[in-house]
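Below is one structure, written out as C-alpha cells; comments come after it.
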Amino acid sequence: MPPPFLVPLRSALLFLAVVFPALADIVINELHYAPDPENEAVEFIELYNSGAESVDLSGWSFTDGFAYTFPADSNIAADAYLVLAPNLAEYNRKFGSIFIGGAKAFGEFESGFLSNGGEEITLRTATGEVADRVNYGDSFPWPTAAGGDGVSMELIHPELDNDLGGSWRSSAGPTPGDPNSVLADKAAPHIRQVSHSPKIPKPGEEVVISAKVTDPEGVQSVVLRHQVVEPGNYIQVDDEAFLTDWVEVTMADDGVAPDVLAGDDIYTIALAAELQEHRHLLRYQITVTDAEGTGITVPYADDAQPNFAYFTYGTMPDWAGAVEPGVTNAVTYSADLLQTVPVYYLITSSANHTEAQNIPGKSGGTSGYTGSDYRWKGTLVYDGEVYDHISYRARGGVWRYAMGKNMWKFLFNRGREFQARNELGEKYPTKWKRLNFSAIIQQGNFNHRGEQGLFESVGFELFDKAGVEAPDTHYLHFRIIKNNKEEAKTIFGSNQYGGDFQGLYLAIEQLDARFMRAHGLPEGNLYKMENGTGVDGNNGELKSLSVFPAVSDSSDLRAFKRNGYEKNPDEAWYRENLDLPRYYAYRSIVEGIHHYDIGNGKNYFYYHNPETGKWATLPWDLDLTWADNMYGPGTEPFQHRVAEVDPFEGEYHNKLREVMDLLYNPEQTGLLVDEKASAVYTP
C-alpha cells in the first residue's frame, strides 16, 4: 500500500506506467555536482529503478548537461541503482569500495561535467523519448547546502516530481548505490516563486510578499515570519535575537487584495507601510503545512542565508568634506552626483566595523585569528539584492591596517553569490564568490595621492587588451550602516568621517574558477605567487583547482618551477611548457606601466591550462605602478630566462613593438585613461 501522498502521483503517472513502464520507473535520484575539494573528480549522477522489473537501457542517452550513451546490454535491475561519473578511476577510488554503498560507477561521461551553478539534465530512451529531465539549481528552492563541503543533492522519494527543487534535500553525505539519506514517505508542501514587491521599497510603502505553495493533500496554512533590523542594532545569524525576534502573520490564497486570484496556489500578504523605514532591513521566512500537519520552513535550515530579505531606503543626503576639517573650506557633493556611481551598502554592527579595521589584538582589534579569516558578519545590499549573513575582513598585505581608508574583502554564501555590474551597467557573465575593494589611495611614501584607482583600472584593462586575461574592475560608492544616524554630528556640526559615507572604491574581480569561466579560460590550477614559503614550499597558494589533471598537492607547480625552469632547461622545454605569446604580452605591459612590484616572486598568478598543459602568468596587485619611484625591481622568473635570451628575445621584442604600435601609445592608452577617469571625474 503506497503512502497516501503518493496516490495522486501514481494516478498521474498511470498512463506512462502502462504504455512506457521504463519512463515511469527510471529516475534521476542523486546529484553530486560540487565535490570538496573542488578538483576531486568524484562528482556523479545516480539513476534508480523504482519498478518491479529490470529495464534495458541499451541506447538510452544523456543529451543535455553532459553526454553519455548506454552501450548494448546495459540493464538496471528492479530496486537498483546505477551511477555515472566523469572520471571512473577517481570516482571508484573514493566511492567504489570504502564509502557507503560501495557502488562502482557503471560508465564514464563522454563529455562535459555537472555544472556547479545548475543546469538542465535530460535522459532519453533509445527512440528519443524523454525518460527524465531535471533542471537543477544551486539556490532556493533547490537545497543550497548540496553545493558545499562535498554534500550531494538527493531526491526525497522516487515518485516525486524531481524537476521541482522542493523534491530534493541536501544529503547527510553522498550515498551512491544506497537509499538516499533523506528518503521519506511523507513530503512537505512544495514552495517556490517567493517574491516581494516593490523590490526596493521606499519608507512608508506597503510591501506585498507572495509564494506558490502546492501539496497533494491540500495546504493547511502558510505563515510568514518577519524580523526588522534597525540601523545601529544589527542582528547576526548566530545571535539569540535572530532566533526569537520574529512576528508571525498569515498568508492567504482567497482572492482578497492583495491576493489576485483565489485558489491559484499563490499565497499573499501585505506588510503594513509603517514597517518600511529608512535604512531598515526586513528579513522574512515562510512556513507551510499540509492538511496532515507535515510542514517545512524556507529557506531551508541548512541554508547559510536562512531567510529572505529586502532593504528600505529613502533619500540620500548630500555629503561635505574638507581636506583639513576646520582649516580648509569644505566641498559639498550632492546626492545626485554621489549616485552616479553604483552604491553598495554594508549593514553591520559598529563593533564589527571597528574590529575589522584594526590590527588583531591592538587598538580594539581581536586576537586569536589569522588575517585572512573572514571573521565579521554583515549584510551587503546592491542593485536591490540583499546578500544577508555574509562575512568580511580588511584586505591587503603589510599595508592592510596602515592607511586609514583600508581595503575590504567580502565572502558570499553558497547559492547567493554576488552579481556585479560593469561600468556600463551590464551584468558580468559569472557571479562572484569574493568581492575585493581597492581603497584607490596610494601609500603615503610614494607621493601619488591623486591616482584615484586609475593605476589599477587602466593597468588591468591594458593587460586584457594585450591578450592576457586580467580582472574586471568598476568604481563604486560605499556606505556602512552601523549607527542609528546616517550623518554623524559633533558639537561643531557634521562629522565628515562619522556617518554612512565611506567614499569611492574600486571593485576588482577575484582570480578563481569563476574568473576563468568569465574570461573563456579552461578551468585549470591557479596559484597566487607570494614571497616566502607557500604551499609545498613553492611560493604558491593554490587558489583554484582543475579536475583534469586532478592535482591538489602542488605537484604540477613543483614540476614547472623547481624541477622545470629553475633547472635552466632548453628551448624545447619552454616551448612545451610556457605559453610564450601570453608571456610576451604580459612582460610588455609590465614594462609599459612599470609594474615592478613583482620582484621576489609575488603579485602575480600562475595559471596551468589543463587543455594545452602550458603555464601562463596573470597579473595582480597593480597599485604600485605607472611611476619610476614605485617599489620593486620588476624581475620575475622569465625576464632573464626568456625575455632577454635568444631565440625568445626577438619574439618578445616583436610583441613589445606590436603593443607599442597598437595599444600602449598616447592615442590609444590616452583614450583608455579618459574612459576610466570619466566615471569619477566631474569638472
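The values are calculated or read from the model by the stated rules, or taken from the named source; none is laboratory data. Owing to the predicted nature of the structure, the values given are computational and were not obtained by experimental measurement. Neighbour counts are summed over all protein chains in view; Cβ atoms, including those assigned to glycine, are modelled from backbone coordinates with ideal geometry. The protein model used for the area step is the full one, side chains on, heavy atoms only, and it has no ligands, DNA or RNA in it. Shrake-Rupley method; radii C 1.70, N 1.55, O 1.52, S 1.80 Å.
Let me have the relative contact order for the chain, percent, based on Cα pairs under 8 Å that are six or more residues apart.
8 percent
Along Cα→Cβ, 7 Å out, is where each label goes; now give me the distance between the ones at R192 and Y681 in nm to one decimal.
5.1 nm
What number, in percent, do you get for the relative contact order of region 374-421 if the mean sequence gap of Cα pairs under 8 Å and at least 6 apart is divided by its residue count?
Over region 374-421, the number comes to 32 percent.
Keeping the other protein chains in place, figure out the carbon and sulfur percent of the accessible area of the chain, with a 1.4 Å probe.
50 percent
Compute the accessible area per residue over the chain, keeping the other protein chains in place, probe 1.4 Å, unit Å².
42 Å²
How charged is the neighbourhood of Q227? Take every other residue with its Cβ under 9 Å from the Cβ of Q227, and add Lys/Arg as +1 and Asp/Glu as -1.
+1
Report the full-extension gain for the segment Q443 to Q220: residue separation times 0.36 nm, less the Cα-Cα distance, to one decimal in nm.
Going from the current span to full extension adds 74.0 nm.
May I ask you to list the lysines whose Cα is less than 26 Å away from that of K202, ignoring any residue fewer than eight positions away on the same chain?
K212, K377, K427, K482, K485, K489
For the pair A572/A559, report the inter-label distance in nm, with labels modelled 7 Å from Cα in the Cβ direction.
1.7 nm
Take the alpha carbon atoms of region 371-425, find their center, do the same for region 430-497, and report the distance between the two centers in whole angstrom.
Comparing the Cα centres of region 371-425 and region 430-497, I get a distance of 12 Å.
Restricting to DSSP loop positions (anything but H, G, I, E, B) with no more than 10 other Cβ atoms inside 10 Å of their own Cβ, which trypsin sites (Lys or Arg not before Pro) remain in region 382-477?
Passing both the DSSP loop test and the Cβ count: R449.
Which of rounded, prolate, oblate describes region 226-291, given a ≥ b ≥ c as roots of the alpha-carbon gyration tensor eigenvalues and a/c under 1.5 marking rounded, otherwise prolate only if a/b is larger than b/c?
Taking the square roots of the gyration eigenvalues as a ≥ b ≥ c, region 226-291 is oblate.
Once Lys and Arg get +1 and Asp and Glu get -1 on their Cβ, which of V331, L271, W246 lies farthest toward the positive end of the dipole of region 246-383?
Checking the options against the dipole of region 246-383, the answer is V331.
What shape does region 117-246 take by its C-alpha gyration tensor, where a ≥ b ≥ c are the square roots of the eigenvalues and a/c under 1.5 counts as rounded, a/b above b/c as prolate, and the rest as oblate?
Judged from the Cα gyration tensor, region 117-246 comes out prolate (a/c at least 1.5, a/b above b/c).
If the only charges are +1 at each Lys and Arg Cβ and -1 at each Asp and Glu Cβ, what is the size of the charge dipole of the chain around the Cα centre, to the nearest 20 debye?
Its charge dipole is roughly 1960 debye.
For Cα pairs less than 8 Å apart in space and 6+ apart in sequence, what is the mean separation divided by the residue count of region 270-315, i.e. the relative contact order in percent?
45 percent
Just the number, please: percent antiparallel of the DSSP beta bridges in the chain, rounded to the nearest 5.
About 95 percent, rounded to the nearest 5.
With θ set to phi - 60°, apply the Karplus curve 6.51 cos²θ - 1.76 cosθ + 1.60 along region 650-666 and write out the HN-Hα couplings as whole Hz, x wherever there is a Gly or Pro.
My calculation for region 650-666 gives x, 5, 5, 5, 4, 5, 4, 5, 4, 5, 5, 5, 9, 9, 8, 8, x Hz in order.
Just to confirm the filter: which chymotrypsin sites (Phe, Trp or Tyr not before Pro) across region 604-683 are DSSP coil and have at most 10 other Cβ within 10 angstrom of their Cβ?
Within region 604-683, the qualifying chymotrypsin sites (Phe, Trp or Tyr not before Pro) (loop, at most 10 other Cβ atoms within 10 Å) are Y681.
At 222 nm, what value in deg cm²/dmol follows for the chain if DSSP H runs of at least 4 each add -39500 (n - 2.57) and the sum is divided by all its residues, to the nearest 500?
So the calculated ellipticity at 222 nm is -4500 deg cm²/dmol.
Only residues of region 178-206 count here: report those whose backbone N is under 12 Å from the spot 7 Å along Cα→Cβ of V249, or say none.
Residues 197, 205-206 fall inside that zone.
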